[in-house]
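**Q** Structure incoming, see below.
The values are calculated or read from the model by the stated rules, or taken from the named source; none is laboratory data. Just so we're clear, the structure is a prediction, and the values are computed from it rather than from any experiment. Virtual Cβ from ideal backbone geometry, glycine too; neighbours counted across all protein chains shown.
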């Protein structure tokens with residue numbers, strides 16, 4: 001069986017583009033926030049079902065390398081960026097406050113100017129927990145546990161609110177999406193539907209978000225899961241249909257870089273917004289929606305370019321070190 005699925009990259013590409021659009025702000029932000037993080041957790045569960053799970057030690061080591069190491073790198077870049085800004089305005093710089101952001105995530109990340117890094121803290125914890133659940137527990141228990149967690153999410157988030165350590169109030173939601181993604185593959189395998197069906201599912205999700213809204217840290221109602229799954233499954237169907245279309249190659253590449261774009265886009269969004277605002281003011285154009293979309297587009301392209309350059313340099317250094325050895 002082919003392990004790498006192009007439609008997964010397409011889904012990640014669509015997801016990270018929507019994340020950036022949501023963070024630049026526009027009239028679709030309510031709908032985007034209703035499912036965009038859930039989409040990535042769903043994908044995580046789905047991809048876990050594609051092949052046999054590795055041994056525990058190998059899995060944990062892999063996740064440390066693929067999530068924690070990049071997190072540390074993104075954090076260092078964020079701290080350096082903030083240090084330059086702080087020096088510019090002669091403000092005090094307390095390194096310990098930034099270290100708390102790296103270790104604890106949550107609201108402690110706000111000082112770094114790169115709050116989206118919370119996702120990586122939570123992703124690491126959620127992946128480890130879900131792996132242990134799937135690896136060592138009966139499958140019927142995994143399903144039952146997912147249902148119980150879904151029903152208990154509201155109460156859990158009433159108790160733990162705001163932006164706590166490791167954004168732990170979103171952990172139940174992450175585990176539910178992983179469970180749904182995992183069993184989507186186990187039950188449907190790679191069956192799909194028509195493009196029109198995918199669009200219809202997305203539209204239903206969008207319409208429901210107008211009534212229920214919510215986000216992974218504050219779902220508001222159990223209907224949140226229903227509305228978000230409509231959008232996620234719609235994107236899944238659309239991605240499957242787009243898999244062989246050459247025009248979506250760029251989205252595939254964006255998807256492959258989604259973790260890196262997630263880690264640095266917040267540092268670029270502000271610049272992109274100011275740049276677009278300056279251009280629009282200069283030419284006398286005032287459409288707020290188009291301004292936000294242009295800022296999002298620039299952010300995605302620049303984040304992708306920076307990520308690509310970093311990986312090329314990293315691979316070159318790694319190759320040269322291998323040659324020397």
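**Q** Looking at region 23-44 only, could you name the residues that are more than 24 Å from residue 195 (Cβ to Cβ) and not in a loop (DSSP other than H, G, I, E, B)? Steps first, please.
**A** Within region 23-44, the subset more than 24 Å from residue 195 (Cβ to Cβ) is 23-27, 29-30, 33, 37, 41, 44.
Result: 23, 24, 29, 30, 33, 37, 41, 44.
**Q** Looking at (1) without any contact (Cβ under 8 Å) to a residue 60 or more places away in the chain; (2) within 14 Å of residue 18 (Cα to Cα); (3) buried (at least 20 other Cβ atoms within 10 Å of the Cβ), which is the one condition that is false for residue 265?
**A** Unmet condition: (1).
**Q** Is it fair to say residue 217 is at pLDDT 95 or above and either closer than 21 Å to residue 33 by Cβ or out of contact with any helix residue (DSSP H, G or I) (no Cβ under 8 Å at 6 or more places or on another chain) (or both)?
**A** Working: at pLDDT 95 or above: no; either closer than 21 Å to residue 33 by Cβ or out of contact with any helix residue (DSSP H, G or I) (no Cβ under 8 Å at 6 or more places or on another chain) (or both): yes.
Answer is no for this residue.
**Q** Something else about it: Run residue 69 past the list (1) surrounded by 12 or more Cβ atoms within 10 Å (Cβ to Cβ); (2) under 23 Å from residue 268 (Cα atoms); (3) under 22 Å from the mean Cα position of the chain (by Cα) and report the number of the one that doesn't hold.
**A** Evaluating residue 69 over (1) surrounded by 12 or more Cβ atoms within 10 Å (Cβ to Cβ); (2) under 23 Å from residue 268 (Cα atoms); (3) under 22 Å from the mean Cα position of the chain (by Cα) leaves (1) as the failure.
**Q** Check 148, 125 and return the single one that is part of a helix (DSSP H, G or I), more than 16 Å from residue 215 (Cβ to Cβ), out of contact with any helix residue (DSSP H, G or I) (no Cβ under 8 Å at 6 or more places or on another chain) and at pLDDT 95 or above. Please lay out each step first, then the result.
**A** Working: 125 fails: out of contact with any helix residue (DSSP H, G or I) (no Cβ under 8 Å at 6 or more places or on another chain).
Being part of a helix (DSSP H, G or I), more than 16 Å from residue 215 (Cβ to Cβ), out of contact with any helix residue (DSSP H, G or I) (no Cβ under 8 Å at 6 or more places or on another chain) and at pLDDT 95 or above holds for just one of 148, 125, which is 148.
**Q** I'd like the full set of residues that are surrounded by fewer than 16 Cβ atoms within 10 Å (Cβ to Cβ) and modelled with pLDDT of 90 or more, limited to region 302-325.
**A** Passing the criteria: 305, 308, 309.
**Q** Inspect region 32-39 for any residue being surrounded by fewer than 23 Cβ atoms within 10 Å (Cβ to Cβ) and over 20 Å from residue 294 (Cβ atoms) and give the result as yes or no.
**A** Yes, region 32-39 has at least one match.
**Q** Anything in region 252-262 that is under 25 Å from residue 203 (Cα atoms) and surrounded by 21 or more Cβ atoms within 10 Å (Cβ to Cβ)? List them, or say none.
**A** Step one: filter region 252-262 for residues under 25 Å from residue 203 (Cα atoms), giving 252, 254-255, 258.
Result: 254, 255, 258.
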